[in-house]
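Bear in mind these aren't lab numbers, they're just calculated from the coordinates by the rules spelled out. These numbers come from a predicted model, not from an experiment. All Cβ positions, glycine included, derive from the backbone under ideal geometry; neighbour counts span all protein chains shown.
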Amino acid sequence: MALPHIYFCYPQGKHKALTMSYDDGRRADERLVRIFNRYGVRGTFHINSGLLGSEDRLTAEEAVALYQGHEASVHTVRHPTLARCPMELVVEEVLEDRKNLERLFNVTVRGMSYPNGSYNEQIKELLPQLGIEYARTVQTTRGGFGLPEDWLEWRATCHHNDRLLEHAETFVGLHKRQYLYLMYVWGHSYEFDNDNNWELIERFCEMVGGRDDIWYATNIEIVDYMKACQWLKVAATREFVHNPGASPIWLDVDGRIVEVPGGSRVSLI
């Protein structure tokens, strides 16, 4: 008997995922979230809790209402350039932002983006001790659609001003199911006001939204799902698998999509 060939899949057996990442909690997020919601696109909003309600930033109450169905994530309390700061300040800026956001949104907050794109190896080593499981940089893969090798140095596919529609066209056309593809777009919503190009993100969401072969996820949902895949216990013979976690995982078993519910043992032959 031939043993099965097994691939991890995204939820419902999909092989493509899309996530968005926008910083600072600016008021232009209101228009951006409306566009995302219209097309079923989801993402993560990295917030400076100490700056909420100042200048053109959302108030705490507005942020809680606006980001329903999306993820709120750490961007530090006051947006310092972290690599220039003593570690005592880094700890305070990250941990206090996390505490503030958790009080506001009543969820555990476990991700962040680096303010001003600033980080170093010492900061990366610190973050897991502060409960941070991923951190986005400002560097990009410039069109790559792979998952990151290091969740604490997560590079997006592109900034929205870097050939966004070209990358979207490529992403939509990807079809080889032996790969797991991820398109990750980052930016600041106020840039659409500054550049007068809101039609860009509208066209993008129209191109990629509402498609059956794409999983629309927040940053932390992708992290959690891929970690849960690694927790699966596959028999040495590959005849069955046990999922010790609570969430379902999907597998491609010789071309057949198999759901492995949380807490279950499932035959693969």
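Taking neighbour counts of Cβ atoms within 10 Å as a proxy for exposure, in what order, fewest first, do 91, 253, 208, 33 appear?
Details: 91 15, 253 18, 208 24, 33 21.
Taking fewest neighbouring Cβ atoms as first place, the list is 91, 253, 33, 208.
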>> Output wanted: per-residue J couplings in Hz (rounded whole) for segment 31-47, from phi through Karplus 6.51 cos²θ - 1.76 cosθ + 1.60, θ = phi - 60°, x for Gly and Pro.
In response: 5, 5, 5, 4, 5, 4, 5, 4, 10, x, 8, 10, x, 10, 10, 8, 10
> Rg (Å, one decimal) plus Dmax (Å, integer) for the alpha carbons of the chain?
Replying inline: 19.3, 67
>> Between residue 211 and residue 139, how high is the FRET efficiency from 1/(1 + (r/R0)^6) when r is the Cβ-Cβ distance and R₀ = 22 Å? Nearest 0.05.
In response: 0.20
> Summing +1 for each Lys or Arg and -1 for each Asp or Glu, what net charge is found among the other residues whose Cβ lies under 15 Å from the Cβ of residue 87?
Replying inline: -4
> Total Lys pairs in the chain closer than 24 Å by alpha-carbon, pairs eight or more apart in sequence or interchain only?
Replying inline: 10
> Hey, if you drop one equal point scatterer on each alpha-carbon of segment 3-129 and run the Debye formula without solvent, what base-10 log of I(q)/I(0) do you get at q = 0.21 Å⁻¹?
Replying inline: -1.18
>> Under the 0.36 nm per residue contour assumption, what length would be gained going from the current alpha-carbon distance of residue 103 and residue 87 to full extension?
In response: 3.4 nm
>> With angles folded into 0 to 90 degrees, how steeply does helix 219-231 sit against the dominant principal axis of the chain? Use alpha carbons for both and round to 10.
In response: 30
> Per-residue HN-Hα couplings for segment 61-71, Karplus 6.51 cos²θ - 1.76 cosθ + 1.60 at θ = phi - 60°, whole Hz, x for Gly and Pro?
Replying inline: 5, 5, 5, 4, 5, 5, 8, 4, x, 10, 10
>> Please return the longest range in the chain lying between exposed loop sites, taking trypsin sites (Lys or Arg not before Pro), DSSP loop only, at most 13 other beta-carbon atoms within 10 Å, and leaving the sites out.
In response: 1-141
>> From the phi angles alone, apply the Karplus equation (6.51, -1.76, 1.60; θ = phi - 60°) to segment 190-199 and give each ³J(HN,Hα) in whole Hz, x where the residue is Gly or Pro.
In response: 5, 5, 5, 5, 4, 8, 6, 9, 4, 5
>> Quick check: pseudo-label points 7 Å beyond the Cα along Cα→Cβ at residue 199 and residue 65, how many nm apart are they?
In response: 3.1
> Which residues make up the longest stretch of the chain that has no GluC sites (Glu not before Pro) in a DSSP loop with at most 10 other Cβ atoms within 10 Å?
Replying inline: 150-269
> What FRET efficiency would be calculated for the residue pair residue 238, residue 121, taking the C-beta separation as r and a Förster radius of 41 Å, to the nearest 0.05?
Replying inline: 0.60
>> Under the rule of at least 5 residues apart or a separate chain, name every residue whose amide H is placed under 5 Å from the amide H of residue 250.
In response: 9, 260
> Summing Lys, Arg as +1 and Asp, Glu as -1, what charge do residues with Cβ under 13 Å from the Cβ of residue 125 carry, residue 125 excluded?
Replying inline: -2
> Taking amide H positions as placed 1.01 Å from N in the peptide plane, with prolines and chain starts having none, which residues 5 or more places from residue 71, or on another chain, fall under 5 Å of its amide H?
Replying inline: 43, 44, 45
